[in-house]
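Beneath this line is the structure, given in C-alpha cells, with notes to follow.
The values are calculated or read from the model by the stated rules, or taken from the named source; none is laboratory data. Predicted model, so just to flag it, every value in this text is computed and none were measured. Cβ placement follows ideal geometry from the backbone for every residue including glycine, while neighbour counts extend to all protein chains displayed.
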Amino acid sequence: MKTKLYLVLSLLMLLSGCRGDIPVTKESAEQRIRSITISCAGDCTLGTDVAFGGQTLPREVEEQEGDYGWFLRNVLPIFGKDDLTMVNLEGTLTKRGTRQEKTYAFRGNPEYVSILTAGSVEAVTLANNHSLDYGEISLADTKEALGTVGVWWVENLHTIVKEIDGVKVGMIGLYDLNGSALNMIPQTMEQVKNEGAELIVVQVHWGIEGEAIPTPRQREIAHAAIDAGADLVMGHHPHVLQGLEEYKGKMIAYSLGNFCFGGNQNPTDKDTMIFQQTFLVGEGKVLPETKWQVYPCSISSVAERNNYQPTPLFGEAGEGIRHKIQERTDAIGELAVHFADRI
C-alpha cells in the first residue's frame, strides 16, 4: 500500500508566526484531509463442489504447483495499489463438516486463503448463501483461516471498523435472501458509527440469480443504506453483472458478478468488473469530491474455459463488457459509467 500524503487545510498554514513543522493537535487532526482508495470485486469461490470431481479451482492449484499468487496476479496491479480491497467469499475454507442438502456446496482447503493475501485482498464478506455449506463448523473454520492471515471479515451483525491510512472505515456485510437486510441496517450502522467510522462500505447479498436488472427490493435496500449513512453500496449473488446507480451522490453497484470463481468450470458468461473509488475524508466525514471508475474484466485469462485468473480487458477486448455494463446501467437511470482504460 502506498502511504498517503496528507494535505493540511489552509487554516493551519495561515497561523501567524509559524515556522517549520506545525504540531498536530486533536483539532488539526480532525481537519486534515485524507485520501483513501477502495476496490470491490464479486464472488470468490476458493474451492469446489464434490460433483465437479475436483476439476475446478483445486485442479488449477495443482497445475500451478501451489502458486497461490497466480490466481489474482493479473489484478494485483490494481489491488496492490489501493488502500482496501473487499470481495465476497462465496464458500467455505475447511476440511471438516458435513455437506448440506443443496444443489451446490463449496469447500476449499484452508490454505487457499493465501490466494486472497497474495492478491492483496484485505477484507471479505461472509454474508452469503454458501458460508454454511458444510455446517456451522465450516463457517467457524473459515473465520479462523481468515483470522490467521489477517484478512478481515464481516457477516450481518458482525461489523468492523479499521483505521486505514488514517481513515476509520466501517465495513458491513448483509444477507437478504431471507429478507433480513433491511431490518439490520439501523443496528449495523449504529455499531460502526459508535466506533467512529468516517467512511462506511456496505456489501449486500441479494437479488435473483441470472437477472441483469436489480429488483425493486435491491434498490430499496441500497437507498435505505445510503439514507442511513453508507458511502458505498456493493452487491452480489446474481452471478451476472448488473448496472450502477448514483443516489444522493453515493455509488451503488448492484451486482459485481463472479470473480475468482471455482463454482463453474466454464460459464458461458465470463464478464465481471472491479469497482474502485477514491474518497476524500475530512472533519470526520466523506467530502463531496470523489473519483470512481470501473475496470472491465473476465473471470478467466483464457477464453475456452475458466482458469480462475480474473483479468482486466481494455481497448477492443473490453468493448463488449463496457457496452453491457453501460446498457444495464441505463436500465436503472441516467449515469455515464467511468471506465478505466489502463491500470
Counted residues, segment 225-244 - those being in a strand (DSSP E or B) and out of contact with any Phe, Trp or Tyr (no Cβ under 7 Å at 6 or more places or on another chain): 5
Expected output for segment 235-254 (first residue under 15 Å from ILE332 (Cα atoms), partner surrounded by fewer than 23 Cβ atoms within 10 Å (Cβ to Cβ) and of a type in the set (Ser, Thr, Tyr), Cβ below 7 Å, 6+ apart or cross-chain) is GLY243/THR329; LEU244/THR329
Kindly check whether there is at least one residue in segment 296-305 that is at pLDDT 95 or above, outside any loop (DSSP other than H, G, I, E, B) and more than 25 Å from ASN129 (Cα to Cα). yes
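Out of all the residues in segment 312-331, is one or more modelled with pLDDT of 95 or more, out of contact with any His (no Cβ under 8 Å at 6 or more places or on another chain), acidic (Asp, Glu) and part of a loop (DSSP other than H, G, I, E, B)? If you could, list the steps in order and put the result at the bottom.
First, pick out the residues of segment 312-331 that are modelled with pLDDT of 95 or more: 312-331.
Restricting the remaining residues to those that are out of contact with any His (no Cβ under 8 Å at 6 or more places or on another chain) gives 312-331.
Checking which are acidic (Asp, Glu) leaves us with 316, 319, 327, 330.
Those left that are additionally part of a loop (DSSP other than H, G, I, E, B): none.
No, segment 312-331 contains no residue that is modelled with pLDDT of 95 or more, out of contact with any His (no Cβ under 8 Å at 6 or more places or on another chain), acidic (Asp, Glu) and part of a loop (DSSP other than H, G, I, E, B).
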Hey, among the residues in segment 288-331 that are over 20 Å from GLY42 (Cα atoms) and within 21 Å of the chain's Cα centre (by Cα), which one's surrounded by the most Cβ atoms within 10 Å (Cβ to Cβ)? THR290
The one condition GLY284 fails out of (1) over 28 Å from VAL167 (Cβ atoms); (2) at pLDDT below 95 is (1)
